[in-house]
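The values are calculated or read from the model by the stated rules, or taken from the named source; none is laboratory data. Quick caveat, the model's predicted, so the values are computed rather than measured. With ideal geometry, Cβ positions are generated from the backbone for all residues, glycine too; neighbour counts draw on all protein chains shown.
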Amino acid sequence: MRLDKFICKSTELDKQQALLVLQGKKVSVNGDLIIDPAFQVHDNNKVTLNDQVLVPRPFRYILMHKPAAMICSNVDEVYPSAFNLLTFENEIVNTEFKGSDSIALNSDEFHIAGRLDADTTGLVLITDDGSWTYNITLPNSGCKKVYRVGLSKPFKVELISQFEQGIQLQGEAQLTLPASIKIINSKEVLLTITEGKFHQVKRMFAAIGNRVVSLHRQQIGNIKLDVAVGKWRYLTPLEVNYESN
Ligand code: URA
């Protein structure tokens with residue numbers, strides 16, 4: 001992990017403040033003064049700030065119910081960032097697993113594992129653990145994502161097999177991985193996919209001549225959306241450690 005990130009993960013400092021303490025020659029790694037923010041820190045390294053040993057806090061894993069008209073980016077753009085909702089007022093306290101509530105939730109440290117479009121609602125997973133994200137977002141991880149899809153035209157039942165066999169998306173060399181469809185009503189279906197290509201769900205339905213008019217993610221792997229719009233909670237250890245295969 002980069003040294004500036006390590007400092008943020010072990011203190012209340014943000015990235016800018018971490019740079020300042022580095023430039024101020026206050027940080028050592030294994031006894032050597034280091035000022036390079038990109039210096040790589042390894043597990044057995046002893047990092048000190050003003051001679052105090054730094055210990056990174058445990059990773060955090062969060063489930064959020066993203067509303068429409070919010071984006072999965074760390075900064076506000078045309079729409080506000082969903083990270084604005086990451087306040088303790090919006091937290092649903094999970095008695096099974098409580099995160100470290102005394103620690104400020106500095107959105108710079110977090111990223112979203114599998115973004116949703118601004119107009120898509122539902123389950124997003126937020127973490128500061130890059131390797132966890134890597135594992136659940138790898139296309140061959142088999143991690144299932146379940147979407148409730150509203151369509152502009154009635155869905156033709158005979159097209160279910162196309163989703164099972166793979167859909168040819170515009171601009172892609174390969175078919176999509178097998179997906180499954182459950183019909184809710186003529187213009188609403190539940191779609192389960194294991195990949196996360198750019199605008200994948202909308203492009204899958206566009207490829208069969210239909211159009212997505214509403215999209216809501218309700219499940220990722222074994223993690224089901226169970227909080228109200230705009231709310232969030234920490235994941236339980238069972239949810240964090242779930243392996244899809
Ligand atoms: N597929 C889409 O097209 N949009 C999303 O937000 C998620 C999956």
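Only one of the numbered conditions (1) outside the structural domain of residue 121 (by TED's automatic domain parsing); (2) surrounded by 14 or more Cβ atoms within 10 Å (Cβ to Cβ); (3) in a loop (DSSP other than H, G, I, E, B) is not met by residue 209, and that is (2).
Take the stretch 103-125 and flag every residue that is away from the ligand (no atom under 16 Å from the Cβ) and either in a loop (DSSP other than H, G, I, E, B) or among the aromatic types (Phe, Trp, Tyr) (or both). 103, 104, 105, 106, 110, listed by residue number.
Can you tell me which residues in the stretch 70-97 are assigned to a loop (DSSP other than H, G, I, E, B) and hydroxyl-bearing (Ser, Thr, Tyr)? Quick ask: steps written out before the conclusion?
First, the residues of the stretch 70-97 that are assigned to a loop (DSSP other than H, G, I, E, B): 70, 72-80, 86-87, 92-97.
Once the filter is applied, which keeps residues that are assigned to a loop (DSSP other than H, G, I, E, B) and hydroxyl-bearing (Ser, Thr, Tyr), the stretch 70-97 yields 73, 79, 87, 95.
Here's the yes/no breakdown for (1) at pLDDT below 95; (2) within 13 Å of the ligand (Cβ to nearest atom):
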{"site": "152", "(1), (2)": "no, no"}
{"site": "162", "(1), (2)": "no, no"}
{"site": "176", "(1), (2)": "no, yes"}
{"site": "187", "(1), (2)": "no, no"}
{"site": "191", "(1), (2)": "no, yes"}
{"site": "215", "(1), (2)": "no, yes"}
{"site": "227", "(1), (2)": "no, no"}
{"site": "231", "(1), (2)": "no, no"}
{"site": "241", "(1), (2)": "yes, no"}
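What's the number of the condition residue 148 fails, among (1) within 16 Å of the ligand (Cβ to nearest atom); (2) more than 30 Å from residue 242 (Cβ to Cβ)? Exception for residue 148: condition (2). Pairing residues of the stretch 202-223 that are closer than 23 Å to residue 65 by Cβ with residues that are within 8 Å of the ligand (Cβ to nearest atom) and part of a helix (DSSP H, G or I), at Cβ distances under 8 Å and at least 6 apart in sequence or on separate chains, gives 212/201; 212/202; 215/201; 215/202.
Having 2 or more residues that are under 22 Å from the mean Cα position of the chain (by Cα) is the bar; report the strands (runs of 3 or more DSSP E) wholly within the stretch 1-66 that clear it. Don't jump to the end; show me each part of the working.
Details: elements: 27-29, 47-49, 61-66.
Output list reads 61-66.
Restricting the first member to the stretch 112-135 and to residues that are free of Cβ contacts under 8 Å to residues at least 60 places away in the same chain and surrounded by fewer than 16 Cβ atoms within 10 Å (Cβ to Cβ), and the second to residues that are assigned to a helix (DSSP H, G or I) and polar (S, T, N, Q), the beta-carbon pairs closer than 8 Å and six or more apart or on different chains are 135/141. Among all residues of the stretch 92-102, there is at least one that is at pLDDT below 90, exposed (fewer than 13 other Cβ atoms within 10 Å of the Cβ) and in contact with a strand residue (DSSP E or B) (Cβ under 7 Å, 6 or more places away or on another chain). Could you tell me whether any residue of the stretch 174-181 is over 23 Å from residue 207 (Cα atoms) and either touching a strand residue (DSSP E or B) at 6+ places or on another chain (Cβ under 9 Å) or among the acidic types (Asp, Glu) (or both)? Checked the stretch 174-181: no residue is over 23 Å from residue 207 (Cα atoms) and either touching a strand residue (DSSP E or B) at 6+ places or on another chain (Cβ under 9 Å) or among the acidic types (Asp, Glu) (or both).
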